[in-house]
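Student: The structure's right below; bear with me while I get my questions together.
The values are calculated or read from the model by the stated rules, or taken from the named source; none is laboratory data. Quick caveat, the model's predicted, so the values are computed rather than measured. Neighbour counts run over all protein chains shown; Cβ positions are idealised from the backbone, glycine included.
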Amino acid sequence: MIVTFDKLPQRVAKQLDPLYFLTGNELLLLEESIDLIEVEAAKMGFDEIERREITQPDDWYSLIADASGRSLFAEKRLFDVRLMRNVLSPKVQTALDEWTQDNNAETIMILRGWAWDYRYRNTAWFKSISSLATTVILETIPTSKVSLWIKGRANALGLNLSPDAIAELTELTDGNLYAAQQELEKLRLIFLNDNKVVGIEELTRMNWSISGAFDLVDAACNGQAKKLSSMLAAVRREGTQPLLLIGALSSQLRKYHDLACHRHTNLSPNRRRIGERVVNRIGRSGLENLLVECAHLDCQQKGILHGDSWLALESMLLNLAGYQNRTLAADATQLRVDYETQ
């Protein structure tokens, strides 16, 4: 069955299902959905979490075999499975169907899908998986509704933002919910227990790391290698987290990919010009490769792959700027963390 993001908390609180399929283009909502399931599962005694990555159909056999067996360390287990591409073949779906039928309520499997396209709704594989799993589609929030989302999140954090402050934050984050949430968390810490309306004056006095993040992405898109290297060093000194930069980068790349595919996308005139230059320089396939690289960067930042996220991020930005051609995808097999030997 398909469940919307706003209905997922009620569903999870009521019951935990054996199989979840979470897919979409919004990283923050995806992470929050997984956290929600994991927290509720922990309350129910699911003490062990195994994180896996599926890159080809053969990877399913060991996963389902392990999920069907028993653990030496915990009675209840949760599998967090990242799908790097569409590997949901009919045989895999049949195996998942059999697994869900035989599941003894001691194992939960969360499947993280790849980037979402609305046309998937009409495909046979999506109809099949959504009949097997509790499916949550985490689509990008339209630009026209981002300000409402920011206002709602601010209220939930106990922040009272003025309309001009909301508009400023909406403009600076450019639809990146992860970046907006991080800035709201910073505001909450600054104005904790301060019963006042936070206006544009307070925002302009803050050090806006998100502005630097998007300037950095723009420098890479414009092919300014020297500038982006110095800017990257600056945002690192300021304590900006790599995930924020990965979120800003993937957000822009998805929009430029839509541009390359001649799909409607909400871009300011300046960023549309930048996007057109990127499309002309690396093309649609180049953008798709960079989006895959963002997924590998996300894995590295979360400990699934070895290596320094900052160095990998700089390498990717240089790739985007057109100055080198080394990717994490080429090294992912060697870098993957083997938890069983640690």
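Student: Within the range 290-326, how many residues are buried (at least 21 other Cβ atoms within 10 Å of the Cβ), of a type in the set (D, E, K, R) and over 15 Å from the mean Cα position of the chain (by Cα)?
Tutor: Total satisfying the criteria: 0.
Student: While we're on this one: Of all residues in the range 15-65, count the ones that are outside any loop (DSSP other than H, G, I, E, B) and at positive phi.
Tutor: The total comes to 1.
Student: Next up: Would you confirm, using the coordinates I've provided, whether Thr123 is of a type in the set (Ser, Thr, Tyr) and either crowded, with 20+ Cβ neighbours inside 10 Å or touching a helix residue (DSSP H, G or I) at 6+ places or on another chain (Cβ under 6 Å) (or both)?
Tutor: no
Student: Could you please let me know if Thr240 is at pLDDT 80 or above, in contact with a helix residue (DSSP H, G or I) (Cβ under 9 Å, 6 or more places away or on another chain) and crowded, with 18+ Cβ neighbours inside 10 Å?
Tutor: Against the criterion (at pLDDT 80 or above, in contact with a helix residue (DSSP H, G or I) (Cβ under 9 Å, 6 or more places away or on another chain) and crowded, with 18+ Cβ neighbours inside 10 Å), Thr240 does not qualify.
Student: Which one is modelled with the lowest pLDDT among residues in the range 109-140 that are in contact with a Gly (Cβ under 6 Å, 6 or more places away or on another chain) and not aromatic (Phe, Trp, Tyr)?
Tutor: Among residues in the range 109-140 that are in contact with a Gly (Cβ under 6 Å, 6 or more places away or on another chain) and not aromatic (Phe, Trp, Tyr), the one modelled with the lowest pLDDT is Glu139.
Student: Additional query: Among the residues of the range 103-157, count how many are within 28 Å of Arg52 (Cβ to Cβ), part of a helix (DSSP H, G or I) and hydrophobic (A, V, I, L, M, F, W, C).
Tutor: Count: 5.
Student: Given the criteria among the charged types (D, E, K, R), closer than 14 Å to Met109 by Cα and in a helix (DSSP H, G or I), does Asp80 qualify? If you could, list the steps in order and put the result at the bottom.
Tutor: Details: among the charged types (D, E, K, R): yes; closer than 14 Å to Met109 by Cα: yes; in a helix (DSSP H, G or I): no.
Judged against the criteria, Asp80 is not a match.
Student: Restricting attention to the range 247-274, and to residues there that are in a helix (DSSP H, G or I) and polar (S, T, N, Q), which single residue is surrounded by the fewest Cβ atoms within 10 Å (Cβ to Cβ)? Steps first, answer last, please.
Tutor: In the first step, residues of the range 247-274 are kept if they are in a helix (DSSP H, G or I); the result is 247-260, 269-274.
Remaining after also requiring polar (S, T, N, Q): 250-252, 270.
Values: Ser250: 23, Ser251: 25, Gln252: 24, Asn270: 9.
The residue in question is Asn270.
Student: Now for a separate question. Give me the residue from the range 149-159 that is modelled with pLDDT under 90 and surrounded by 14 or more Cβ atoms within 10 Å (Cβ to Cβ) and, out of that set, nearest to Asp194 (Cα to Cα).
Tutor: My answer is Leu159.
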